[in-house]
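Chemist: Could you have a look at this structure, given as structure tokens, before my questions?
The values are calculated or read from the model by the stated rules, or taken from the named source; none is laboratory data. Computed from a prediction, not measured in an experiment: that's the story for all the values here. Using ideal geometry, Cβ is built from the backbone for each residue, glycine included, and neighbour counts are taken over all protein chains shown.
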Amino acid sequence: MKGIDGIPALRLEVLNKYITKVEDAKDLFFVNLFPSQDYASDTIRWILEYDGMAGMTPFVSPGSPAPVLGQDDWVYGEGSARAAFWKEKVFLDETMLNNLREPMSDQKYWTAERQLTRKNNKLIARSRKRKEWMIAKMFFDGQFSYQIQGGAKFTVNYAVPSAHQVVLSGNDRWWTGTAVGTTSDPMRDIIDWLEIYKDDVGSDPQYTLMSQKLLNELMFNGNLQELLKKSTFGEGDLFKAPKRVLKALLGIAGELTIYDETFDLTSWLSADLAAAATDIYVENALDFEAGAKLRIWNTTESTSIYEDLVIASVDAANDKIVVSTGPTKAYKAGQSRVVMKKRYLDTGTISMFRTDIDGETVAEFMNAPFGNNRQWGQKEDRKEEWDPEGVWLRVQNKGLPVLYQPECTFTAKVADF
């Protein structure tokens, strides 16, 4: 192997220019919604603002000094956390590289070119999805956990008021499994939450997010169907344009958006798993969540052989996943892996938020410096390998989303599907 000379696609300037040309997937809602800023340190600090967000300049007597902005009206706090760091790499073997450099035929060249493009696109897309996940977690859960230097697990909390993080219980839930909650009233709930939001923020939310399943269940809600009979909308209008009709009936001023996008998380088993055992030890359990479906399979067998389990709890500190019912087969560490498919927004959760107040953004993504040459934002690099010969492609990024005005987000867990 003569190194990677003569392969234009693997030049650093080409790799990083390619990142800017790859369009964000349509399922990435948050990454383009808020601006990014370069921050001088990997310890991110930001100001939290409560109350007075929709205030106005006070009257004063002529000749008297001007009051200081925020001194009397606003309530301040400070957030601080280490930036999160994420990266991933993929290996290009010598056969592929030789086909890219001196192809024996056009067919071999284009096959290698497509392989490189697919691997590169996957690296870039997965890195962007991590950023999407961080911002979504900030708005939906008000917190998320990640690893910091030394492998320690850290949780950043954005101090969202508890009144803006509602969890309905018992029969107040809109749906409990397959049944409608006997004391539930979705329309009353949404109207009440909108009133709380406007009282705290001073304006309506710009976005209301929910799953398609949640929207579908609302369409068949008995109280809503009765209201339709007395309104200018008919049932036909509801099924033709459900978002438009529900917005009008519920008084939602902003955009009603269906957000059903999912992500996959995988990890290898770090200890053998016996049949029927419920404690599953993996290499990294940090992002796994209780209630989600967990698929497990032995990678030495056919990929069609797997078992689906349900996560009961997660012990991230010990990288342990507890499932409600153990698998029927035994699985070996290093040969078997688990995958969790999860929605950014839980199927039974509704979210409302704003992106700005009085022209000021409520959130930003702070890029932190990383690498020996101190760089910001998503970057790609490569390194040659001697044995086996080939090249590693690597994508890295470092940063943290910050939420300046925690009252601008509101989430409610309303149903168990």
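Chemist: Would you confirm whether or not the stretch 398-410 contains a residue that is modelled with pLDDT under 95 and of a type in the set (V, I, T)?
Modeler: Looking through the stretch 398-410, none of the residues is modelled with pLDDT under 95 and of a type in the set (V, I, T).
Chemist: Another question, then. Applying the selection to the stretch 175-201, what residues are buried (at least 17 other Cβ atoms within 10 Å of the Cβ) and within 19 Å of T361 (Cα to Cα)?
Modeler: Y197, D200, V201 - these are the residues of the stretch 175-201 that are buried (at least 17 other Cβ atoms within 10 Å of the Cβ) and within 19 Å of T361 (Cα to Cα).
Chemist: Kindly evaluate R394 against the criterion of being in contact with an Asp or Glu (Cβ under 9 Å, 6 or more places away or on another chain) and in a strand (DSSP E or B). Break it down stepwise before answering.
Modeler: Numbers: in contact with an Asp or Glu (Cβ under 9 Å, 6 or more places away or on another chain): yes; in a strand (DSSP E or B): yes.
Criteria met by R394.
Chemist: Next question, about the same structure. Given the condition closer than 18 Å to R45 by Cα and assigned to a loop (DSSP other than H, G, I, E, B), answer yes or no: does some residue in the stretch 163-171 qualify? Spell out how you get there, then give the answer.
Modeler: We begin by selecting, within the stretch 163-171, every residue closer than 18 Å to R45 by Cα; these are none.
For the stretch 163-171, residues closer than 18 Å to R45 by Cα and assigned to a loop (DSSP other than H, G, I, E, B): absent.
Chemist: Further question: List, please: which pairs have Cβ atoms under 8 Å, are six or more places apart or on different chains, and start with a residue in the stretch 387-404 that is of a type in the set (D, E) and end with one that is not in a strand (DSSP E or B)?
Modeler: Listed by first residue and then by second, the contacts come to E389/M1; E389/E94.
Chemist: Now for a separate question. Cβ-Cβ distance below 9 Å, separation of 6 or more or different chains: which pairs start in the stretch 63-90 with a residue that is in a strand (DSSP E or B) and end on one that is at pLDDT below 80 and surrounded by fewer than 10 Cβ atoms within 10 Å (Cβ to Cβ)?
Modeler: Going by the 9 Å Cβ cut-off, the qualifying pairs are R82/Q149; F85/Q149.
Chemist: Assigned to a loop (DSSP other than H, G, I, E, B), crowded, with 22+ Cβ neighbours inside 10 Å and over 25 Å from the mean Cα position of the chain (by Cα): does that describe P327?
Modeler: Details: assigned to a loop (DSSP other than H, G, I, E, B): yes; crowded, with 22+ Cβ neighbours inside 10 Å: yes; over 25 Å from the mean Cα position of the chain (by Cα): yes.
Answer is yes for this residue.
Chemist: Also: I'm trying to understand the selection: among the residues of the stretch 270-297, which are more than 22 Å from the chain's Cα centre (by Cα) and farther than 11 Å from K320 by Cβ?
Modeler: D272, L273, A274, A275, A276, A277, I296, W297
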